[in-house]
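> Mind looking over this structure? Questions follow.
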Amino acid sequence: MIWSKEETLSRAEMEALQLSRLQETVARVYEKVPYYRAKMDEKGVKPQDIKTLADLAKLPFTTKQDMRDTYPFGLFAVPKDQLVRIHASSGTTGKPTVVGYTRGDLDTWTDCVSRIACMGGATSKDVAQICFGYGMFTGALGLHYGLENIGAAIVPSSTGNSEKQLMYMKDFNTSLLVATPSYALRLAEVARETGIDPKTDLGVKIALVGSELLTDAMREEMHNAWGRDVLITSNYGMSELMGPGVSGECLEHCGMHINEDYFLPEIIDSVTGEVLPAGEKGELVITCIKKEGLPLIRYRTKDVTRLFYEPCACGRTTCRMENLSGRSDDMLKIRGVNVFPGQIEEVVLSVPELGPHYEIIVEREGYTDKLTVRVELVKATDSFAELQRIEQTTRNKLKVVLGLDAKIRLESPNTLQRFEGKAKRIKDLRNQK
Amino acid sequence: MASKQISVFIENRKGRLGEVLDVLKENAVNILSLSIADTSEYGLLRIISDAPQKGQEALSKAGFSAMLTDVVILQVPHTPGALQNILRVISDEELGIEYMYGLSVAGEEASIVVKPSDLEKANAVFEKHQVDTIDL
Ligand SMILES: [Zn+2]
């Protein structure tokens, strides 16, 4: 089912809508947000210079640092009394970033997530268990209101206490699971440990996963754990822009449809800032063209992807972004080679004797980088030859994929840290003494 | 005939062996013999106990990679040359042995644990040469 008529507009209709919303937004921030006015004046661009969508490139970028510099409300375009909700992202470095919503923004957000839920196969008949942390994090509440809006029954179970999660899942016959891919796998693991087979004893038919990369191998692992016929789609968003609901995958599995009547996407070269043509890979930049509280202009997401504008087989015409290949921040440069953790994950998941959890450790030995990958041995063995074969296979596969030699460290199952939110699998120790 | 041995993968890390033994103790599994073979990174712990099934399940539940392996326990009389006789049988019959270790030396006879590559053939050979085996 397609939720909104905006998802099937012709390209010309969509562009006309985007241009009018962009012009309105730019005029408004110029008037209401002194920080943006100063930035635009500095670049010598006025609201009336935005005559076509291509003129977007004339506008200044917004970065996370801008949000920190104006902490907490400096980029807001409405007086504080018009806000009805405030969230903040936990800043791992420095001040958190604060986001606020007017009543109109909450309606927009709900609409965005309703669309994404429908794309993933959700209906009013679903019992949707939300295993995202409720609180200042936008993930849980975003999915909550969107799914409630389409008529699903929400089980706001949040994160933690996996055994209780499974009890609800069984007793309420949960049909739709919202979680990070790694927590969905963790839940399946706990289920099996407690004698529940997720494939036959639970009724989950739909998984909406997000806030973390979903690689093909991880999707395969999810199918192994939860069943072949479970519909697994990933969705994308970030609190700075709104929360979840910026884009989501449809059942054609050919990228994530961007709600581009709200979020105007561009791809840029992350080094030069140059806008790249459609189809090229680069950093995703989003302009919020229908937000009242915090309408960010050309926000640099740091996520690396490409855009496709061809209409999709699912019937939607909205632009699609390729499933993420990683964050420009998460990319590791090891011995001069660009490495995305997702590549290592693909390899780990392809070795049947290993579990899906891993940790990447990068150290400096003398003048060279040393890469170690910690993995869990889930298939027991009594043979050293077998252990060596598993190590060697993993190492060879990594060499093929990365072009780098890595040390494999086999560990017992349940040794590596589990994450209920975004998994932190990289330990870069090169800049530590 | 065969006996069940618990095989456990352990990282070469301080305290790991103790953790395995704690799990077995908590589950009242009595260890009759234990052997560790290791490399610099990890080791395989092989245990003969009075309750292999229970021990393996408890270890798996506690997060260890543990399995049951079929081994043969041979009786070795306390007489000079007894072990050599058994080894000669193994060598003459070209019986593949992956590893072996001692079980007990108390009483009239000693016994050793062997892991044959081919259990069926091993049983036939030991029967033919009248090497006594014990089933636990
Ligand atoms: Zn589609």
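> Which condition from (1) open to solvent by less than 20 Å² (accessible area, probe 1.4 Å); (2) within 12 Å of another protein chain (Cβ to nearest Cβ); (3) in contact (Cβ under 8 Å) with a residue 40 or more places away in the chain; (4) not aromatic (Phe, Trp, Tyr) is the one that B:Gly55 breaks?
Here B:Gly55 clears every test but (2).
> Then there is this: Looking only at segment A:407-416, decide whether some residue is farther than 30 Å from B:Thr69 by Cβ, part of a loop (DSSP other than H, G, I, E, B), in contact with a helix residue (DSSP H, G or I) (Cβ under 9 Å, 6 or more places away or on another chain) and not assigned by TED's automatic domain parsing to the domain that holds A:Glu193. Explain how you work it out, then say what you get.
In the first step, residues of segment A:407-416 are kept if they are farther than 30 Å from B:Thr69 by Cβ; the result is none.
No: zero hits.
> Also, I was wondering about something else. Give the residues of segment B:24-35 that are open to solvent by 30 Å² or more (accessible area, probe 1.4 Å) and within 15 Å of B:Leu59 (Cβ to Cβ), sorted by residue number. Outline the logic, then answer.
Let us first name the residues in segment B:24-35 that are open to solvent by 30 Å² or more (accessible area, probe 1.4 Å), namely B:25-28, B:30-32, B:34.
Scanning segment B:24-35 gives B:Lys25, B:Glu26, B:Asn27, B:Ala28, B:Asn30, B:Ile31, B:Leu34.
> Among A:Ser247, A:Ser182, which is touching a residue at least 40 places away in the same chain (Cβ under 8 Å), part of a strand (DSSP E or B) and open to solvent by less than 10 Å² (accessible area, probe 1.4 Å)? Before you say what the answer is, go through the steps one by one.
On the way: A:Ser182 fails: part of a strand (DSSP E or B).
Of the residues listed, the single one that is touching a residue at least 40 places away in the same chain (Cβ under 8 Å), part of a strand (DSSP E or B) and open to solvent by less than 10 Å² (accessible area, probe 1.4 Å) is A:Ser247.
> From the list A:Val362, A:Val401, A:Val348, which one is away from chain B (no Cβ under 14 Å), over 26 Å from B:Leu17 (Cα atoms) and either aromatic (Phe, Trp, Tyr) or part of a strand (DSSP E or B) (or both)?
Details: A:Val401 fails: either aromatic (Phe, Trp, Tyr) or part of a strand (DSSP E or B) (or both); A:Val348 fails: either aromatic (Phe, Trp, Tyr) or part of a strand (DSSP E or B) (or both).
Exactly one of A:Val362, A:Val401, A:Val348 is away from chain B (no Cβ under 14 Å), over 26 Å from B:Leu17 (Cα atoms) and either aromatic (Phe, Trp, Tyr) or part of a strand (DSSP E or B) (or both), namely A:Val362.
> Residues that are of a type in the set (Ser, Thr, Tyr) and within 19 Å of A:Leu264 (Cβ to Cβ): list the helices (runs of 4 or more DSSP H) wholly contained in segment A:9-108 that include at least 2 such residues.
On the way: elements: A:11-32, A:34-43, A:64-69.
Once the helices (runs of 4 or more DSSP H) in segment A:9-108 are filtered for at least 2 residues that are of a type in the set (Ser, Thr, Tyr) and within 19 Å of A:Leu264 (Cβ to Cβ), what remains is A:11-32.
> If A:Gln129 meets every condition in (1) free of Cβ contacts under 8 Å to residues at least 40 places away in the same chain; (2) within 21 Å of A:Pro156 (Cα to Cα) apart from one, which number is that one?
Only one criterion is unmet by A:Gln129, namely (1).
> Does A:Leu241 satisfy the criteria of being in the same structural domain as A:Ile289 (by TED's automatic domain parsing), at pLDDT 95 or above, more than 11 Å from the chain's Cα centre (by Cα) and within 16 Å of the ligand (Cβ to nearest atom)? Even if it seems obvious, please write down each step before you answer.
Details: in the same structural domain as A:Ile289 (by TED's automatic domain parsing): yes; at pLDDT 95 or above: yes; more than 11 Å from the chain's Cα centre (by Cα): yes; within 16 Å of the ligand (Cβ to nearest atom): no.
So A:Leu241 does not fit the description; no.
> I'm trying to understand the selection: among the residues of segment B:23-51, which are within 14 Å of another protein chain (Cβ to nearest Cβ) and over 11 Å from the mean Cα position of the chain (by Cα)?
Scanning segment B:23-51 gives B:Val23, B:Ala37, B:Asp38, B:Thr39, B:Ser40, B:Glu41, B:Tyr42, B:Gly43, B:Leu44.
> Exactly one condition in (1) buried (at least 19 other Cβ atoms within 10 Å of the Cβ); (2) not in a strand (DSSP E or B) is not met by A:Gly237; state its number.
Unmet condition: (2).
> Please verify whether A:Ala188 is touching a helix residue (DSSP H, G or I) at 6+ places or on another chain (Cβ under 9 Å), open to solvent by less than 40 Å² (accessible area, probe 1.4 Å) and outside any helix (DSSP H, G or I), treating the condition exactly as stated. Please lay out each step first, then the result.
Working: touching a helix residue (DSSP H, G or I) at 6+ places or on another chain (Cβ under 9 Å): yes; open to solvent by less than 40 Å² (accessible area, probe 1.4 Å): yes; outside any helix (DSSP H, G or I): no.
In short, no.
> In segment A:404-426, how many residues are within 14 Å of another protein chain (Cβ to nearest Cβ) and open to solvent by 60 Å² or more (accessible area, probe 1.4 Å)?
4
> Write out, first by first residue and then by second, each pair whose Cβ atoms fall under 7 Å of each other, whose residues are 6+ apart or on separate chains, and whose first residue, in segment A:102-120, is more than 14 Å from chain B (Cβ to nearest Cβ) while the second is open to solvent by 30 Å² or more (accessible area, probe 1.4 Å) and within 16 Å of the ligand (Cβ to nearest atom).
These pairs meet every condition: A:Ser114/A:Trp3; A:Arg115/A:Trp3; A:Cys118/A:Met1; A:Cys118/A:Ile2; A:Cys118/A:Trp3; A:Gly120/A:Leu231.
> What residue, of A:Leu251, A:Leu264, A:Leu294, A:Leu276, is within 16 Å of the ligand (Cβ to nearest atom) and either under 19 Å from the mean Cα position of the chain (by Cα) or over 25 Å from A:Gly120 (Cα atoms) (or both)?
On the way: A:Leu264 fails: within 16 Å of the ligand (Cβ to nearest atom); A:Leu294 fails: within 16 Å of the ligand (Cβ to nearest atom); A:Leu276 fails: within 16 Å of the ligand (Cβ to nearest atom).
Every option except A:Leu251 fails the conditions.
> Moving on to the next point. Would you mind finding the one in A:Thr318, A:Thr287, A:Thr301 that is part of a loop (DSSP other than H, G, I, E, B) and open to solvent by less than 10 Å² (accessible area, probe 1.4 Å)?
Numbers: A:Thr287 fails: part of a loop (DSSP other than H, G, I, E, B); A:Thr301 fails: part of a loop (DSSP other than H, G, I, E, B).
None of the other options fit; the residue is A:Thr318.
> Given the conditions (1) in contact with a strand residue (DSSP E or B) (Cβ under 9 Å, 6 or more places away or on another chain); (2) touching a residue at least 12 places away in the same chain (Cβ under 8 Å); (3) not assigned by TED's automatic domain parsing to the domain that holds A:Arg219, report the number of the one that A:Cys312 does not fulfil.
(3)
The values are calculated or read from the model by the stated rules, or taken from the named source; none is laboratory data. All of these numbers come straight from a predicted model, not from anything done at the bench. In this analysis, Cβ positions are derived from the backbone assuming ideal geometry, glycine residues included, and neighbour counts consider all displayed protein chains. The accessibility values were calculated without ligands, DNA or RNA, using every heavy atom of the protein model including side chains. Shrake-Rupley method; radii C 1.70, N 1.55, O 1.52, S 1.80 Å.
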